[in-house]
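Engineer: Mind looking over this structure? Questions follow.
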Amino acid sequence: MKKLLIRRISFLLLAMLVTVFITFTHAVAQEVPFYWDYINVNIDVQTNGDMLVTETQKYVFTSDWTNQRYRYIPLDKVDEIKDVTVQENNKIIPSETGIENNQFWIRWQHQLKAPESHIFVIKYRVVGGLHINGDNTQVYWKAIFADRKAPIQAAKVQVQLPEALSGKVEDFQNFGIPATASQVNPKTLEFVANQAIPPQEELEVQVTFKSEILNIPQANWQKSGFFDFDKVFNLTNFMFLIFFAPIAYYIFSAINDRKCPECEKFTLNRNSRILVAATTSHTGRQRVTHHCTNCPYHNEFEQVIPVISESSGGGGGGGGGGGGGGGGGGGGGGGGG
């Protein structure tokens with residue numbers, strides 16, 4: 001009798017724990033009670049290389065939610081972000097800025113009585129945001145950020161170039177979510193998302209022109225971002241060199257694999273995706289993607305995967321999944337909410 005009672009109590013406790021877990025999981029997985037009706041981004045390139053960015057974000061709140069909004073931007077591929085303002089109804093509203101974990105954040109508060117919508121205009125100056133690589137300079141910016149909990153129903157990005165670049169664009173393209181790219185006039189490029197943008201998806205734009213036109217120096221982050229081989233291999237101690245030669249060779253090989261055959265910069269991303277897994281009796285196939293984040297170079301091809309040797313032991317998993325074209329190369333991005 002006691003065993004039966006203990007069993008029933010144990011079952012009841014287990015059922016309660018499962019119920020609590022399901023309820024908690026459902027609450028965590030629930031979507032936030034807002035979405036973006038649209039985000040429009042204008043990037044106004046200055047002759048000194050600065051970019052004046054204007055983000056117009058329309059929030060639609062379906063039920064009560066926190067009245068604090070935020071936007072943060074990674075600083076790894078810019079020198080500085082400054083001159084920040086946040087506006088609503090053509091009036092500047094109070095905002096705070098700061099830097100945390102190498103990200104520049106903007107926060108502001110507003111009145112909220114859902115259901116209702118709010119349109120915020122966020123403006124900031126990006127210093128050192130252009131990518132300058134030899135003969136080519138690029139506007140390379142993740143205009144629609146990925147780190148979000150809510151979808152964006154529509155998005156448009158415009159890049160405005162100075163008069164000196166009128167009609168002198170070498171190439172323009174976009175990465176991430178599918179979008180339609182067009183040249184509105186000799187100084188304006190436009191990128192319009194073809195669909196709603198779910199959380200964790202982004203829209204990145206790239207506009208290329210000749211470096212000699214603006215003739216501006218590389219940003220500080222670019223100057224310090226490359227491996228200085230002269231300093232590393234300027235060794236006088238022969239024994240020290242012999243000891244570290246294998247390590248140096250391995251590092252050199254790994255870095256050399258990132259060398260782009262077109263612009264010859266160490267900015268080549270190599271990704272592969274298994275199409276047909278190899279077995280002990282049949283070869284496999286994988287799609288290999290090479291994409292340069294500093295020039296238009298992009299190459300995709302299929303590669304044979306050799307038959308797995310039975311002596312190689314019990315088996316690993318499939319190869320790493322390839323990323324979407326071009327992602328990860330530009331500045332900007334970050335998140336908001």
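We did not get these values from a lab; they are worked out from the coordinates using the rules stated. Computed from a prediction, not measured in an experiment: that's the story for all the values here. Virtual Cβ from ideal backbone geometry, glycine too; neighbours counted across all protein chains shown.
Engineer: Which ordering of Cys295, Cys260 is given by a fewest-first count of other beta-carbon atoms within 10 Å?
Structural biologist: Numbers: Cys295 24, Cys260 19.
Ordered by Cβ neighbours within 10 Å, fewest first: Cys260, Cys295.
Engineer: Then there's this: Over 25 Å between Cα atoms: which of Lys187/Lys223; Lys58/Lys187; Lys58/Lys123; Lys142/Lys223; Lys123/Lys210 fall into that group?
Structural biologist: On the way: Lys187/Lys223 28 Å; Lys58/Lys187 27 Å; Lys58/Lys123 15 Å; Lys142/Lys223 21 Å; Lys123/Lys210 27 Å.
With Cα atoms farther than 25 Å apart: Lys187/Lys223; Lys58/Lys187; Lys123/Lys210.
Engineer: Give me the net charge for the shell around Gly167: Cβ to Cβ below 13 angstrom, other residues only, Lys and Arg +1, Asp and Glu -1. Provide the component values of the computation, followed by the final result.
Structural biologist: Values: positive: Lys168, Lys187, Lys210; negative: Glu163, Glu170.
Every neighbour counted, the sum reads +1.
Engineer: Moving on to the next point. 5 Å is the cut-off here: which amide hydrogens, built 1.01 Å from N in the peptide plane, fall below it relative to Asn136, excluding neighbours closer than 5 in sequence?
Structural biologist: Residues meeting the criterion, in which the H sits 1.01 Å from N, are Ser211.
Engineer: Need the C-alpha centroid separation for the stretch 107-166 versus the stretch 254-288, integer Å.
Structural biologist: Cα centroid to Cα centroid, the span is 32 Å.
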